Amino acid sequence: MIKVNYQNALSQEELFNKKSAILEAYEVLTKKTGAGNDFLGWLRYPVEYDKEEYARIKKAAKKIQEESEVLVVVGIGGSYLGAKAVIEALKDYFPLNKSIEIVFAGHTLSSTYMHQLLKYLENKEFSVNVISKSGTTTEPAIAFRLLKELLEKKYGEKANSRIYATTDKAKGALRVQANELGYETFIVPDDVGGRYSWFTAVGLLPIACAGVDIDLLFKGAFDAMNDAYQLPFEENMALQYAGCRNILYNKEKFIEILVSYEPKLSFISEWWKQLFGESEGKDGVGIFPASLVYSTDLHSMGQYVQEGKRLMFETVLKVNNPEEDLVLREAASDLDGINYLAGKKLSEVNDKAMVGTALAHVDGGVPNIMLELEQVDAYNIGYLLYFMMFSCGVACYMQHINPFNQPGVESYKKNMFALLGKPGFEELGETLKKRL
Ligand code: PA5
């Protein structure tokens, strides 16, 4: 369960005055009558998922864990952020047990990154999960080609049995390769876009490999789905969060900063930025999603948030119960001047930093929403991610935006292809060269 506390952002009256507009958008989403309604496979996915494939994911994860020290997950955007977000959130900061390491590739064109990754893998047992819905995205295609060369060098004919491809059931270059070379494959459903795909095979295989209990994660998503569908507006947190964002946007709060006081949630923020940024940011509208980790960033960006251009509001991911805690003890001499904290838990200090910061920022003109999460575990993370997707769908339909396309992403690709001399892009290449 997530609790949305908006008392430092707007009044209950303001939110409840929006009820009919919010419910209208809810109807568009759940009755599937809006733009992009052919991409709503994620909405009921926690009940409509492919059970046979789900079992196969668990089996493949076990095999990968048994034969590899490292799993390389190759993908970009929605094809890697969900897995990365969940794994980072649920793994220990400094793991003591020697479990499989999950690393990512294909999300950058950095030659240094790729070179050093290949060097790192040279003496390691590894497998690859290559993920691309379209099967044609350049960044993962390049990374996969390089990793495949290394796999073939290390394992010869057995290389293909260490490759797991998650892609479209019929289309795309990756599907062609997988069929021809006999990789084990998992499907990205036709009606689920990348940023809504974390609980399909796209996210589940790497997440299961990392040792996360995917049943619990899925149960969280299932309960969030039921709550989002069934709870009345007055108790429906996904609807209320969408409504709060809309009200603040209409007050010219054009930037939303997702704040966490737990650094391991920073990739949840990265995933959330893609979710809202790519879903909502089009047709000249949309809130710009940004993220900060406090109290770390209070010492870098805190000044701007407190006193810079008044365009933003904050949404704080508040964790009610930390996984671990420490009590500060009194020191014989108070040379560091913090004996006044003796007897307090470190989590209490973190909480006071959070409350003090929220109130200071509110005083500085930055409205504050708190999203309260009981704790960081598989169940609650599953709940949170579904909650955010549902809320995002409602928020977009409130703005009459199609949440499920991303036409703007194509512009950079065309220019990059033209500059690299890809066949079919010659004319654009000539035009661009004149501008350089
Ligand atoms: O959300 C999206 O649709 C995108 O971020 C895609 O996931 C990303 O561009 C990768 O595409 P693909 O999975 O086709 O390689």
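The values are calculated or read from the model by the stated rules, or taken from the named source; none is laboratory data. Keep in mind the model is a prediction, meaning the values are calculated, not measured. Every residue, glycine as well, gets a Cβ built from its backbone with ideal geometry; the counts of neighbours run over all protein chains shown. Surface accessibility is based on the protein's heavy atoms, side chains included, excluding ligands, DNA and RNA. Shrake-Rupley method; radii C 1.70, N 1.55, O 1.52, S 1.80 Å.
Below is a table of values for the structure above.
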| quantity | calculated |
| --- | --- |
| Pairs, first more than 7 Å from ILE401 (Cβ to Cβ) in the stretch 278-291, second open to solvent by 50 Å² or more (accessible area, probe 1.4 Å) and away from the ligand (no atom under 16 Å from the Cβ), C-beta under 8 Å, six or more apart | GLY281/PHE288; ILE287/PHE254; PHE288/PHE254 |
| Within the stretch 267-286, tally of residues that are away from the ligand (no atom under 11 Å from the Cβ) and either closer than 12 Å to GLY78 by Cα or in a helix (DSSP H, G or I) (or both) | 8 |
| Exclusive hit being among the aliphatic types (A, V, I, L, M) and in contact with a Leu (Cβ under 7 Å, 6 or more places away or on another chain), set LEU359, LEU428, LEU341, LEU385 | LEU341 |
| Members of the stretch 169-199 found to be within 11 Å of the ligand (Cβ to nearest atom), within 20 Å of LYS58 (Cα to Cα) and not hydrophobic (A, V, I, L, M, F, W, C), listed by number | SER197 |
| Residue in the stretch 144-167 that is within 12 Å of the ligand (Cβ to nearest atom) and out of contact with any strand residue (DSSP E or B) (no Cβ under 9 Å at 6 or more places or on another chain) present | no |
| Test: residue in the stretch 163-170 that is within 30 Å of SER11 (Cβ to Cβ), polar (S, T, N, Q) and modelled with pLDDT of 95 or more | no |
| Complete set of residues in the stretch 95-111 that are open to solvent by 80 Å² or more (accessible area, probe 1.4 Å), modelled with pLDDT of 95 or more and more than 16 Å from the ligand (Cβ to nearest atom) | SER111 |
| Sole exception among (1) surrounded by fewer than 22 Cβ atoms within 10 Å (Cβ to Cβ); (2) within 13 Å of the ligand (Cβ to nearest atom); (3) assigned to a loop (DSSP other than H, G, I, E, B) for GLU139, by number | (3) |
| Matching residues, the stretch 1-19, being open to solvent by 40 Å² or more (accessible area, probe 1.4 Å), closer than 21 Å to LYS318 by Cβ and in a helix (DSSP H, G or I) | GLN12 |
| Some residue of the stretch 66-85 being under 17 Å from ALA208 (Cβ atoms), away from the ligand (no atom under 16 Å from the Cβ), of a type in the set (A, V, I, L, M, F, W, C) and surrounded by fewer than 21 Cβ atoms within 10 Å (Cβ to Cβ) | yes |
| Which listed residue is of a type in the set (Val, Ile, Thr) and under 30 Å from LYS154 (Cα atoms), from VAL73, VAL86 | VAL73 |
